[in-house]
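Peer 1: To start, I am sharing the structure in question, which I have written as structure tokens.
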Amino acid sequence: QVQLVESGGGVVQPGGSLRLSCAASGSIFSINPMGWYRQAPGQQRELVADISRGDSINYADSVKGRFTISRGNATNTLYLQMNSLKPEDTAIYYCELSRFGVPYWGQGTQVTVSS
């Protein structure tokens, strides 16, 4: 089993910043592909950014230049630095880890961008 726990969400004004963290635990013995997804009310879950085992990074066009995904020093920890936040970034943000082709998800953390 794999468990993922996200933290760092909250309420921020437009133009502000937040840093999300994700800690993975359980039956994990190597570096795995990981990513951040988000789901706004009434919308489908969408990819925000992901990082491969070889640290190749992919961003959604809507967050390029504003968000940065990175791995922590501990195995299978993940961060998302979010700058210049906009109201349309408001969503529940989920961490995802792929192990042997099976996706595992955290419970999500709420990010609200509002004045």
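Peer 1: State whether one or more residues within region 58-77 are of a type in the set (V, I, T), over 20 Å from S7 (Cα atoms) and out of contact with any helix residue (DSSP H, G or I) (no Cβ under 7 Å at 6 or more places or on another chain). Step through it out loud before you land on a result.
Peer 2: First, pick out the residues of region 58-77 that are of a type in the set (V, I, T): 63, 68-69, 75, 77.
From the residues that got through so far, the ones that are over 20 Å from S7 (Cα atoms) too are none.
No: region 58-77 contains no residue that is of a type in the set (V, I, T), over 20 Å from S7 (Cα atoms) and out of contact with any helix residue (DSSP H, G or I) (no Cβ under 7 Å at 6 or more places or on another chain).
Peer 1: Further question on the same structure: Here are some conditions: (1) over 29 Å from Q1 (Cβ atoms); (2) open to solvent by 30 Å² or more (accessible area, probe 1.4 Å); (3) without any contact (Cβ under 8 Å) to a residue 60 or more places away in the chain; (4) within 14 Å of the chain's Cα centre (by Cα). P41 meets all but one. Which one does it not meet?
Peer 2: Among (1) over 29 Å from Q1 (Cβ atoms); (2) open to solvent by 30 Å² or more (accessible area, probe 1.4 Å); (3) without any contact (Cβ under 8 Å) to a residue 60 or more places away in the chain; (4) within 14 Å of the chain's Cα centre (by Cα), P41 violates only (4).
Peer 1: Here's something else I'd like to know. Could you grab the pairs with beta carbons closer than 6 Å, sequence gap of 6+ or different chains, first residue in region 86-112 and without any contact (Cβ under 8 Å) to a residue 24 or more places away in the chain, second one in a strand (DSSP E or B) and open to solvent by less than 30 Å² (accessible area, probe 1.4 Å)?
Peer 2: Sorted first by the residue in region 86-112, then by its partner, the pairs are P103/E96.
Peer 1: Looking at region 68-107 only, could you name the residues that are closer than 11 Å to W36 by Cα and aromatic (F, W, Y)?
Peer 2: If the condition is that a residue be closer than 11 Å to W36 by Cα and aromatic (F, W, Y), then Y79, Y93, Y94, W105 are the ones that fit.
Peer 1: Out of the residues in region 1-22 meeting the condition of being open to solvent by 70 Å² or more (accessible area, probe 1.4 Å) and of a type outside the set (A, V, I, L, M, F, W, C), tell me which one is nearest to R71 (Cα to Cα).
Peer 2: R19
Peer 1: Same structure again: Out of all the residues in region 54-73, is one or more touching a Cys at 6+ places or on another chain (Cβ under 8 Å) and either open to solvent by less than 40 Å² (accessible area, probe 1.4 Å) or on the phi < 0 side of the Ramachandran plot (or both)?
Peer 2: Among the residues of region 54-73, not one is touching a Cys at 6+ places or on another chain (Cβ under 8 Å) and either open to solvent by less than 40 Å² (accessible area, probe 1.4 Å) or on the phi < 0 side of the Ramachandran plot (or both), which makes the answer no.
Peer 1: Also, I was wondering about something else. Go through (1) in contact (Cβ under 8 Å) with a residue 24 or more places away in the chain; (2) under 28 Å from S114 (Cα atoms); (3) assigned to a loop (DSSP other than H, G, I, E, B) and name the single condition V48 misses.
Peer 2: Result: V48 passes all but (3).
Peer 1: Do you know which residues across region 59-88 are among the hydroxyl-bearing types (S, T, Y), within 26 Å of S114 (Cβ to Cβ) and part of a strand (DSSP E or B)?
Peer 2: Y59, T68, Y79
Peer 1: Assuming Y93 fulfils every condition listed in (1) of a type in the set (S, T, Y); (2) in contact with a Lys or Arg (Cβ under 6 Å, 6 or more places away or on another chain); (3) not in a strand (DSSP E or B) apart from one, which condition is it?
Peer 2: Only one criterion in (1) of a type in the set (S, T, Y); (2) in contact with a Lys or Arg (Cβ under 6 Å, 6 or more places away or on another chain); (3) not in a strand (DSSP E or B) is unmet by Y93, namely (3).
The values are calculated or read from the model by the stated rules, or taken from the named source; none is laboratory data. None of these values were measured; they are calculated from a predicted model. So basically every Cβ, Gly included, is an ideal-geometry build from the backbone, and we count neighbours across all protein chains shown. For the accessible areas, the whole protein counts, side chains as well, though only heavy atoms, and no ligand, DNA or RNA atoms are used. Shrake-Rupley method; radii C 1.70, N 1.55, O 1.52, S 1.80 Å.
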